[in-house]
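Q: I'd like to ask you about the structure that follows.
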Amino acid sequence: MAILSKDDANTILKKVLSFSKADECEVTLNGSSGGNIRTARNMVSTSGAVDNVSVVVESRFGKRSGIATCNEFDDNTLRRCVQRAEEIARLAPESPEYMPMLGPQTYLQPNAFAQNTAGITPDYRAKQAGASIALCDQKKLSSAAFLEDTAGFVAKRNSKGLEAYQQYTNLDFSVTVRTPDGTGSGYAMADYTDIGKFDAGRLTQIAADKAAGSVGAKAIEPGKYTVILEPAALVSNSDASLLGALMNAFDARSADEGRSFLSKKGGGNKKGEKLFDPRVTIYSDPTHPEIPDLAFAGDGRPRQKTTWIEKGVVKNMFSSRFWAQKSGIDATPPPGAFIMEGGTQSTQDLIKSTAKGILVTRLWYIRPVDPQTLLYTGLTRDGTFYIENGKIKHPIKNFRFNESPIIMLNNLEAIGRPQRLAGNLIPPLKIRDFTFTSLSDAV
Amino acid sequence: MKRRDFLELSSLAAAGALLLPSFPSFGGSVVDPARLLEPVMDATVNKRLADAALNAAKSAGASYADVRIGRYLNQSLFTREKQVQNIVSTESFGAGVRVIANGTWGFAATNTVTEAGIAKAAQLAVQIAKANAKVQKEPVRLAPQKGYGEVSWKAPIQQNAFEVPIAQKVDVLLAANAKALENGASYVNSALFQVNEQKYFASTDGSYIDQDIHRIWPTFGVTVVDKQSGKFRSRQALSVPMGLGYEYLTPKAADKVMGPAGSDVVGYKNSYDMLEDAGRAAKQAKEKLTAKSVTPGKYDLVLDPHHLGLTIHESVGHPLELDRVLGYEANFAGTSFATLEWKKQGKPYGSKVVNIMADKLQPGSLGAVGYDDEGVKTKQWPLIKDGILVDYEKIRDQAHIVGQNESDGCCYAQSWQDVQFQRMPNVSLQPGKTKLSVDELVSGVDKGIYIAGNGSFSIDQQRYNFQFGGQVFYAIEKGKITGMLEDVAYQANTQEFWNSCAATCDESDYRFAGFFNDGKGQPSQSSAVSHGSSTTRFNGVNVINTARKVG
């Protein structure tokens, strides 16, 4: 029952709305079904299956709002859920940031669902995990991996005439391969809407090569270096990331309130200012065929193709509906994912054109240090290599960095070919004067 | 759609105004606040349900089974400046069954808590165990555990926070906000998190354990913006998440601990003065705008317990989790430098002053429970003795790996629907045995920095290299606090840092730092943990200046 058709979802949504006695009522159905498998030390450690559908009811009396949820669908339960939302709404204080619910909307039609992915079985998961383990058994390496897949839907309907429905699928895989003596470590990750191209063995091979290649790392002095950051060093789905942090800071209210890097001295924000290298263009597009996304935000606002940074200039910021109305701007919702425009060069091409530099597979434990400058700290991990005269010379010990994505996107040397990662399209970047502040013994 | 979460983060969190935790138990249903006061689960009913699960598991071929029937209640209040932003009450109820069949673990959970529903989950768990057994290389070996029969444990709280009317709790938050605004804050966000875990555990060893656990965390973030310069600075609350009831929010003079003379820092033990801290936070955030930017170099650091707790958590608590040490977390959180081989070498983890205990007992701590989530009675045990690593944190299926025959009782699952695994117990630095006050400690420092409150934190995947910030920083010159500093972070290596530990204050200064949301595992689970310590001195630590120029 986890993935309801549009008709089945509508039947439930309409029924719930018919129980409402509130001034405004909005009902959202979220359902997903999927599973996961985890391995470590070349063995399956845990695996599980998750299947759930839930209803969220928001009821409003004037500027008072209440929310209740349930996950059973008989009339009595649904009616009680609506009543509960109404009781909570009556008890709630009036919201000074009240906005009326949205009326009918027009949405783009991304194709974010693949039958292939929705049909994953426990056997499929075990087979992919098995291929990853077998490769490491054979090479006498030690692997730890995690595969998680989801097929789901979101349906929404309110008393003002808003209707939204969409299905989606997703699979995430990541693998860390280590040499038995613990002196080499490598990593690979990938995610898919359609699992047609997923091959855990191929990804494990990449991680295994990095692990073997990183044995015997040499220490070099911390300092400012030219780096090639692979996409996994720029975005992540399990940690903060440099580009994720940058895009999270594109909130208009924080900027207008004076507490963001996009705040302007004396008040207001930096929309329209050139803050980055002119080759930097970042946008979002829920219909992009490589990273199809939900066509609506959590509050039902349509997601359109939106340019955030164009040729280094801040073009748009996202905003709540309340703040948009208050400050007289478009109420652009935050994107689900983003696309950084790039060129045609592969990571290998970027290495070839580098006289001296460092190849970074991945950055880790990334935390904010100063929100004013977006300074972040973190470390390299799972494959860091010294480049000389266009070739990888030798592995090097991991570094701690202290760097801001704003400075990074001004010190741009070259942009490679974007690839899908954590739902985004991200190119490898060559950056000069990237700041490493200390060495780490971690492998 | 996990991958999309990162842009759904609160922009306030991104601005550093209030670092909100990810709140795992929000997976439950949103309920009327009155529901949170409905009586705890009936142990007689639970025993019947549990027996149905255990019998079903045994009939299906399990050699061991345990069942956890759990009711997880949460309430969170959020405000900013003069308004309430959100009030959410949630309840999650269900049961998880874990089994060993053919020498392999299996787990299944259900929210159909009937004899039939729970038996079905038990059968599914056995099915999964048998399927996974086909690729298993070694059978699970559980440390023996005798059954305790029917027992119970209740957190020693004075007032259940769910019994306090919401309006009264909102008033406290708004009063704290008002104090911050009066004292110069441009913005203030505040929140109150309350948790009640009602857990019933039963196993084929013959234990039936009923537990009632409470946690509370009031917090805020204050930001001061200087429009002219465009500069802004924040200061987070110095409150501590605790395993206490609402009594934590009734300030008692005896629970206030003064920082060193000249520092304007007050720490809190078992009760918290939110209004006082909010007013002080606004003043301190304002002072940070014009405070002297630190000159990088080596300094002797004097770290307050609120700050040091996070350093202990990252550089001692995590590297000594035995599953990390063995490689089970390699693909996510990482491994550890403190391997079994490293321990055998007997190298000093820290100086002789460093005595660190693990426990699940300290009253008011987040880790305190009577029994863990696999039915082991909790205890205290040493991790580091006079600077030498003597033990790890381990559970029943790990004890044999280090040649021991009992679990440490630190197994935990964030809810009924997640499988329990090894989690960090409270890990605490023992106070100094000789009398030493904070002022006496500071008086011996020639060139140093006093840091209070935990801030930015980052550490590598084997727990060698770390960098920590803080909430407020004060220069120490010739034994005296001379003024506030800004842009301070220190970088060190775990072993060098703990070996530079010069002295720690006596037990009159001992108090907790705590964390509601320590993340581990895939899919990630959250757990709550406390770290006790007294103000402590570390010599010659590398301090960097974090100021940058952009735009």
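Just so you know, all these numbers are worked out from the coordinates, no wet-lab data involved. Computed from a predicted structure; not experimentally measured. Backbone-built Cβ (ideal geometry, glycine too); neighbour counts: all protein chains shown.
Q: Starting from the eigenvalues of the Cα gyration tensor, five times each then square-rooted, give me the equivalent ellipsoid semi-axes of segment B:293-545, largest first, whole Å. Please report the intermediate quantities before stating the final value.
A: On the way: eigenvalues 196, 65, 60 Å².
Those come to 31, 18, 17 Å.
Q: Just in segment A:138-178: which trypsin sites (Lys or Arg not before Pro) are loop by DSSP and have at most 13 other Cβ atoms within 10 Å? Intermediate results must be reported in sequence, preceding the final value.
A: Numbers: sites: A:139, A:140, A:156, A:157, A:160, A:178; in loops: A:140, A:160.
Filter output for segment A:138-178: A:140.
Q: For helix B:274-290, what angle does its Cα long axis make with the longest principal axis of chain B, in degrees from 0 to 90 and rounded to 10?
A: Tilt of helix B:274-290: around 50 degrees.
Q: Out of segment A:220-329, which trypsin sites (Lys or Arg not before Pro) are coil in DSSP terms and have no more than 10 other C-beta atoms within 10 Å? Can you show the working numbers first?
A: Numbers: sites: A:224, A:253, A:259, A:264, A:265, A:270, A:271, A:274, A:279, A:303, A:305, A:311, A:315, A:321, A:326; in loops: A:259, A:264, A:265, A:270, A:271, A:279, A:303, A:305, A:311, A:315.
Within segment A:220-329, no trypsin sites (Lys or Arg not before Pro) qualify (loop, at most 10 other Cβ atoms within 10 Å).
Q: Averaged across B:135-141, how many Cβ atoms of other chains sit within 10 Å of each residue's Cβ atom?
A: Averaged over the peptide's residues, the number is 3.
Q: So if I place +1 on the C-beta of Lys and Arg and -1 on the C-beta of Asp and Glu, and nothing else carries charge, what would the dipole magnitude of the protein assembly as shown be about its Cα centre? I want it in debye, nearest 20. Numbers along the way, then the final one.
A: On the way: 113 positive and 105 negative charges, 363 e Å.
That gives a dipole near 1740 debye.
Q: Using only the Cα atoms of segment A:340-443, what do you get for the radius of gyration and for Dmax, in Å?
A: So, for segment A:340-443, Rg and Dmax equal 13.8, 38 Å respectively.
Q: For chain B, take the longest principal axis of its alpha carbons; what is the angle in degrees between that and the long axis of helix B:115-133, to the nearest 10 within 0 to 90?
A: That works out to roughly 80 degrees.
Q: How about chain A: what cysteines have no other cysteine beta carbon under 4.7 Å from their own?
A: A:25, A:136
Q: Related question: Compactness ratio of segment A:304-359: Cα Rg over 2.2 N^0.38 Å, N = residue count? Spell out each step's value before the answer.
A: Values: Rg = 17.8 Å, N = 56, 2.2 N^0.38 = 10.2 Å.
Here the Cα radius of gyration is 1.75 times the empirical estimate.
Q: Average the reciprocal distances over every distinct pair of alpha-carbons in chain B, invert the result, and give the Kirkwood radius in Å. List each step's numbers first, then the result.
A: Working: mean 1/r = 0.0410 Å⁻¹.
For chain B, the Kirkwood estimate is 24.4 Å.
Q: Residue A:144: net charge of surrounding residues, Cβ under 12 Å, Lys/Arg +1, Asp/Glu -1, itself excluded? Before the final figure, lay out the partial values.
A: Details: positive: A:38, A:41, A:178, B:324; negative: A:382, B:323, B:329.
Cβ neighbours under 12 Å give a net charge of +1.
Q: Can you give the log10 of the normalised intensity I(q)/I(0) at q = 0.06, 0.14 Å⁻¹, computed with Debye over equal Cα scatterers of chain A?
A: At q = 0.06, 0.14 Å⁻¹ the computed log10 ratios are -0.30, -1.33.
Q: A follow-up question, please. When only C-alpha pairs under 8 Å and at least 6 residues apart count, what is the relative contact order of chain A, in percent? Display every interim value, and only then the final one.
A: Details: 1141 pairs, mean separation 66.2, N = 443.
Normalised by residue count, the contact order of chain A is 15 percent.
Q: Counting only other chains, and only Cβ atoms inside 10 Å, what mean value do you get across the residues of A:45-54? Show your work: numbers first, answer last.
A: On the way: counts 9, 12, 7, 9, 4, 3, 0, 3, 0, 3.
That average works out to 5.
Q: Using only the Cα atoms, what convex hull volume per residue in Å³ does segment A:41-139 have?
A: 236
Q: Loop only per DSSP, at most 10 neighbouring Cβ atoms within 10 Å: give me the trypsin sites (Lys or Arg not before Pro) in segment A:1-58, ordered by residue number. Spell out each step's value before the answer.
A: Numbers: sites: A:6, A:14, A:15, A:21, A:38, A:41; in loops: A:21, A:41.
Those satisfying the criteria are A:21.
Q: Another question about this same structure. Search the structure for amide H atoms under 5 Å from the amide H of residue A:40, placed 1.01 Å from N in the peptide plane, and list their residues when 5 or more places away or on another chain.
A: Here the answer is A:45, A:145, since their amide H atoms fall under 5 Å of that of residue A:40.
Q: With the dipole of the protein assembly as shown worked out from charges on the C-beta (+1 for Lys and Arg, -1 for Asp and Glu) around the Cα centre, which of A:173, B:488, A:434 lies farthest toward the positive end?
A: Of A:173, B:488, A:434, it is A:434.
Q: Let me confirm one metric for peptide B:328-340, namely the mean number of other chain beta-carbon atoms within 10 Å of its residues' beta-carbons.
A: Numbers: counts 8, 4, 15, 17, 8, 3, 9, 7, 1, 4, 0, 1, 0.
That average works out to 6.
Q: Would you mind checking the radius of gyration and Dmax of segment A:6-210 based on alpha-carbon positions, in Å?
A: 22.7, 67
Q: So if I place +1 on the C-beta of Lys and Arg and -1 on the C-beta of Asp and Glu, and nothing else carries charge, what would the dipole magnitude of segment A:1-131 be about its Cα centre? I want it in debye, nearest 20. All intermediate terms of the calculation are to be shown ahead of the outcome.
A: Numbers: 15 positive and 15 negative charges, 75 e Å.
Dipole of segment A:1-131, to the nearest 20 debye: 360 debye.
Q: Which ordering of A:307, B:90 is given by a fewest-first count of other beta-carbon atoms within 10 Å?
A: On the way: A:307 17, B:90 20.
Fewest-to-most Cβ neighbours within 10 Å comes out as A:307, B:90.
Q: Where a ≥ b ≥ c are the square roots of the eigenvalues of the C-alpha gyration tensor, would you call the protein assembly as shown rounded, which needs a/c under 1.5, or, failing that, prolate if a/b is larger than b/c, or oblate? Write down the numbers at each step before the final one.
A: Numbers: a/c = 1.11, a/b = 1.06, b/c = 1.05.
Rounded shape, in that the Cα axes give a/c under 1.5.
Q: Placing unit charges on C-beta atoms (Lys and Arg positive, Asp and Glu negative, everything else neutral), compute the dipole magnitude of segment B:272-377 about its Cα centre in debye, rounded to 20. Walk me through the numbers before you get to the answer.
A: Details: 13 positive and 15 negative charges, 122 e Å.
Rounded to the nearest 20 debye, it is 580 debye.
Q: Here is a further query. With a sphere of radius 14 Å drawn around the Cβ of residue A:363, what net charge do the other residues whose Cβ falls strictly inside it have (Lys, Arg +1; Asp, Glu -1)?
A: Details: positive: A:362, A:367, A:381, A:400; negative: A:230, A:239, A:382, A:403, B:460.
So the environment of residue A:363 carries a net charge of -1.
Q: May I ask which residue of A:88, A:128, A:118 lies farthest towards the positive end of the charge dipole of segment A:1-158, with charges of +1 (Lys, Arg) and -1 (Asp, Glu) on Cβ and the Cα centre as origin?
A: Comparing the listed Cα positions along the dipole, A:128 ranks first.
Q: Output the peptides B:215-221, A:350-356 sorted from most to least packed, where packing is the average of other Cβ atoms within 10 Å over each peptide's residues. Mind dumping the intermediate values first?
A: Working: B:215-221: 25.4, A:350-356: 16.3.
Descending mean neighbour count gives B:215-221, A:350-356.
Q: Sorted by average packing, counted as other Cβ atoms within 10 angstrom per residue and highest first, what order do B:412-423, B:41-52 take?
A: On the way: B:412-423: 23.9, B:41-52: 16.6.
Descending packing order for the listed peptides: B:412-423, B:41-52.
Q: Using the Cα atoms of segment B:96-190, I'd like the radius of gyration and the largest Cα-Cα distance, Dmax, both in angstrom.
A: Rg then Dmax for segment B:96-190, in Å: 24.6, 66.
Q: Okay, next question. Could you check the simple spin-label distance between residue A:202 and residue B:43, using points 7 Å along Cα→Cβ, in nm with one decimal?
A: The modelled label-to-label distance comes out at 5.8 nm.
Q: Relative contact order of chain B, please, whole-number percent, based on alpha carbon pairs below 8 angstrom and at least 6 residues apart.
A: Values: 1447 pairs, mean separation 83.3, N = 551.
It comes to 15 percent, rounded to a whole number.
Q: Between residue A:90 and residue B:134, what is the label-point separation in nm under the 7 Å Cα-to-beta-carbon projection?
A: 5.7
Q: Along the charge dipole of the protein assembly as shown, which of B:67, B:124, B:178 sits closest to the positive end, that is, farthest toward it, with unit charges on the beta carbon of Lys, Arg, Asp and Glu (+1, +1, -1, -1)?
A: B:178
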